[in-house]
1. Against the conditions (1) more than 15 Å from Ser74 (Cα to Cα); (2) loosely packed, with under 14 Cβ neighbours inside 10 Å; (3) in contact (Cβ under 8 Å) with a residue 24 or more places away in the chain, where does Met155 fall short? Just the number, please.
2. Using the structure shown, decide if Tyr160 is surrounded by 14 or more Cβ atoms within 10 Å (Cβ to Cβ), part of a helix (DSSP H, G or I) and within 18 Å of the chain's Cα centre (by Cα).
3. In this structure, is Lys103 in a loop (DSSP other than H, G, I, E, B), out of contact with any Asp or Glu (no Cβ under 6 Å at 6 or more places or on another chain) and over 17 Å from Ala63 (Cα atoms)?
4. Could you figure out which of (1) at pLDDT below 95; (2) crowded, with 19+ Cβ neighbours inside 10 Å; (3) among the acidic types (Asp, Glu) isn't true of Glu54?
5. How about segment 94-117: which of its residues are surrounded by 15 or more Cβ atoms within 10 Å (Cβ to Cβ) and either within 24 Å of Ser166 (Cβ to Cβ) or touching a residue at least 40 places away in the same chain (Cβ under 8 Å) (or both)?
6. Among the aliphatic types (A, V, I, L, M), farther than 23 Å from Cys167 by Cα and out of contact with any Gly (no Cβ under 6 Å at 6 or more places or on another chain) - does that describe any residue in segment 38-54?
7. Give the number of residues within segment 46-83 that are assigned to a strand (DSSP E or B) and touching a helix residue (DSSP H, G or I) at 6+ places or on another chain (Cβ under 6 Å).
Amino acid sequence: MDNLLLYLYSRNGFLYFIILRYYSISGITHKNFLYEKETLHMVLNDRKYAETHEWVKVEGALAIVGITDYAQDSLGDITFVELPALNAAVTKGKECCVIESVKAASDLYTPVSGTIAEVNTSLETEPEKINKSPYDSGWLFKVKNFNAADLDSLMDSKAYEKFLESCE
């Protein structure tokens, strides 16, 4: 008798599923690999997204900014981050910092206008946090006095997932 097993696992921010087939011949169980598929990049519902693959999460009076799982995966292993200066004014859509990886250096564009309230200084010595946790410990900076109207032009999670389909 044949049995199929669906196995889900996560690796580097991707969700994969595999289909395995188990069967017996003369009392010996055999296993065949039938199919493996990589699913979409992780996208969280509590954020807004820019077409340049930055995300924003509003917490109280602050807008927390980072890069998406898609962006970190596209960059590869991140080796250096040049963060904006504290109290610097930032303008939506303008360059505000640089991320370097083994593949390339990339400018980051702020998705909201305002003033830099805090930067993630741990990234200076551990830039790989962005690869490991782009939505959590890999955040880049926080903006105060941000323009809430800037959020209206950003995508919600469903729109960003659809946008990603055109990127791949």
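1. Every listed condition holds for Met155 apart from (2).
2. In short, yes.
3. Taking the combined requirement at face value, the residue satisfies it.
4. Answer for Glu54: the failing condition is (1).
5. Cys96, Cys97, Ile99, Ser101, Ser106, Leu108, Tyr109, Thr110, Pro111, Val112, Gly114, Ala117 - these are the residues of segment 94-117 that are surrounded by 15 or more Cβ atoms within 10 Å (Cβ to Cβ) and either within 24 Å of Ser166 (Cβ to Cβ) or touching a residue at least 40 places away in the same chain (Cβ under 8 Å) (or both).
6. No, every residue in segment 38-54 fails to be among the aliphatic types (A, V, I, L, M), farther than 23 Å from Cys167 by Cα and out of contact with any Gly (no Cβ under 6 Å at 6 or more places or on another chain).
7. Residues meeting the conditions: 4.
Residues are listed down the side, and each one gets a yes or a no for (1) under 18 Å from Leu44 (Cα atoms); (2) modelled with pLDDT of 95 or more; (3) within 17 Å of the chain's Cα centre (by Cα); (4) not small (Gly, Ala, Ser):
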position	(1), (2), (3), (4)
Val65	yes, yes, yes, yes
Gly76	no, no, yes, no
Pro127	no, yes, yes, yes
Leu151	yes, yes, no, yes
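The values are calculated or read from the model by the stated rules, or taken from the named source; none is laboratory data. From a predicted model like this one, the values you see are computed outputs, not experimental measurements. For neighbour counting, all protein chains shown are included, and Cβ atoms are generated from backbone atoms with ideal geometry for every residue, glycine included.
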